[in-house]
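The block underneath contains the structure these notes are about, expressed in structure tokens.
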Amino acid sequence: MPTDPTPPVAHTPLPLSVRGVGKRYGRATALEGVSLDIARGEIVGLLGHNGAGKTTLMSLVAGLLRPDAGDIRVRGVSPVREPRRARLLLGLAPQELGVYPPLTVRQNLRFFAELAGLRRREAERRIEEVAEPLGLADLLERRVGRLSGGEQRRVHTAMALLHRPELLLLDEPTAGVDVETRTRLIAYVRELAAAGTAVCYSTHYLGEVEELDASVAVLDHGRLTARGTIAELVRDHGDGAVELTFAGTPPPLRVPWPVTRAGDVLRVRAPEPHLAAPEVLGALGDSLPRLVNLRVLRPSLETVFLALAGQRQETAPEPGAPGAPTAAAGPGPQDGDGDGDGPEPAADRTVEAGHHG
């Protein structure tokens, strides 16, 4: 007896699908050919130096900017063609605080709940729902202008969560906050992901990406240079290194490993840096007294970041190092990518990267 064929399973669009997206500001390229998917319940740590394109990407996804090329879909909805519908599917907490200081915490949250289309009773229920895990329950009747910076940051983040978005965009959510706020935010983001929310989490703190058990996307000068789990990226890109900081200009260094220079720092890439360190120190000779700091960097997310996030443009091979030219090359010209931060000096980027994690 014939039976009806099994109906095909309906395809559920991803919370975020970005395909070949490009964005320019005049002659400066902010993003070029970026493709990125985020699945339901996935946290993606979006990494990159200042000006890499992270904020531009989030603004495009949120519909605040229009891409010059490519396509963006939030659960299959285009933020360009259907901006209101797309915004109801996502929550955005940008870098800059968007709170009203004269109003109480409750009034701030109620206002944004109403903007998201929530009626009064439902809005009050959602306010209580987000206030507890973010440590705002005892602050609801306080004026936001009288709160600490960390408390205001929690209010700012809560606004993006009131309508239970399927995609949450957090742009540097713990920048400049206290330890308590950071701990609460990290824990709540994990809870949201466990409940199915897709999260794009931009940060300069690599330790947070590890705490969140996030996958990683690395942006460098507007291009997506790596995508995968932490374990995958460490396996593929996480060479170890011996990092040497000097008082003044670093000396020439002849060792059997690649050496790069950024400001007063030499970085020796070696697969087993703890074994290479004695030979590196021995090669310093008379320059040893000028050594002010030495770090042994085993393969980790930090070494992945150092290898991928602009190091080719920022550092110069040392004379005599494997693959080095006959004369030391200085850093090439840097173009801003329109991400709001502009180009940075090479040494500044490297110092910032050295503080990650």
- Message: So if I check each of A247, A231, which one is among the small types (G, A, S), out of contact with any Gly (no Cβ under 7 Å at 6 or more places or on another chain) and under 30 Å from L168 (Cβ atoms)?
- Response: A231
- Return a yes/no flag: does the range 14-29 have any residue that is surrounded by 13 or more Cβ atoms within 10 Å (Cβ to Cβ), part of a loop (DSSP other than H, G, I, E, B) and either at pLDDT below 95 or at negative phi (or both). yes
- Set V177, V209, V234: member being within 17 Å of L297 (Cβ to Cβ), at pLDDT below 90 and under 18 Å from the mean Cα position of the chain (by Cα): V234
- Message: Please go through (1) over 30 Å from L14 (Cβ atoms); (2) in contact with a strand residue (DSSP E or B) (Cβ under 9 Å, 6 or more places away or on another chain); (3) surrounded by fewer than 21 Cβ atoms within 10 Å (Cβ to Cβ) for V105 and return the number of the only condition it doesn't satisfy.
- Response: (3)
- Message: of a type outside the set (S, T, Y), on the phi > 0 side of the Ramachandran plot, surrounded by fewer than 19 Cβ atoms within 10 Å (Cβ to Cβ) and assigned by TED's automatic domain parsing to the domain that holds L161: which single residue out of G248, G285, G228 fits that description?
- Response: G228
- Hand me the list of helices (runs of 4 or more DSSP H) wholly inside the range 216-319 holding 1 or more residues that are within 30 Å of V44 (Cα to Cα), of a type outside the set (F, W, Y) and free of Cβ contacts under 8 Å to residues at least 12 places away in the same chain. 230-237, 311-314
- Query: Are any of the residues in the range 187-205 of a type in the set (A, V, I, L, M), touching a His at 6+ places or on another chain (Cβ under 8 Å) and closer than 20 Å to T56 by Cβ?
  - Reply: no
- Note on the structure: Note on the range 44-60: residues of a type outside the set (S, T, N, Q) and closer than 15 Å to E32 by Cα are G48, G51, A52, G53, K54, L57, M58, L60
- G117 loosely packed, with under 14 Cβ neighbours inside 10 Å and within 23 Å of L206 (Cβ to Cβ): no
- Does R87 count as under 30 Å from D71 (Cα atoms), basic (K, R) and free of Cβ contacts under 8 Å to residues at least 60 places away in the same chain? yes
- Message: Looking only at the range 212-223, how many residues end up being under 12 Å from the mean Cα position of the chain (by Cα) and of a type outside the set (S, T, N, Q)?
- Response: 6
- R153 passes all but one of (1) surrounded by fewer than 19 Cβ atoms within 10 Å (Cβ to Cβ); (2) among the basic types (K, R); (3) touching a residue at least 40 places away in the same chain (Cβ under 8 Å); which number fails? (1)
- On the given criteria, is V130 buried (at least 17 other Cβ atoms within 10 Å of the Cβ) and within 21 Å of L185 (Cα to Cα)? yes
- helices (runs of 4 or more DSSP H) lying entirely in the range 42-151 (those with 3 or more residues that are assigned by TED's automatic domain parsing to the domain that holds I230 and of a type in the set (S, T, Y)): 54-61
- Query: Given (1) touching a Phe, Trp or Tyr at 6+ places or on another chain (Cβ under 8 Å); (2) at pLDDT below 85, where does Q334 come up short, assuming only one miss?
  - Reply: (1)
- Test for A270: is it touching a Phe, Trp or Tyr at 6+ places or on another chain (Cβ under 8 Å), crowded, with 20+ Cβ neighbours inside 10 Å and not assigned by TED's automatic domain parsing to the domain that holds M58: yes
- Query: Of the residues in the range 185-214, how many are of a type outside the set (F, W, Y) and in a helix (DSSP H, G or I)?
  - Reply: 15
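The values are calculated or read from the model by the stated rules, or taken from the named source; none is laboratory data. Just so it is clear, the structure is predicted and the values come from calculations on it, not from any experiment. Glycine gets a Cβ as well: all are built from the backbone with ideal geometry, and neighbour counts include every protein chain shown.
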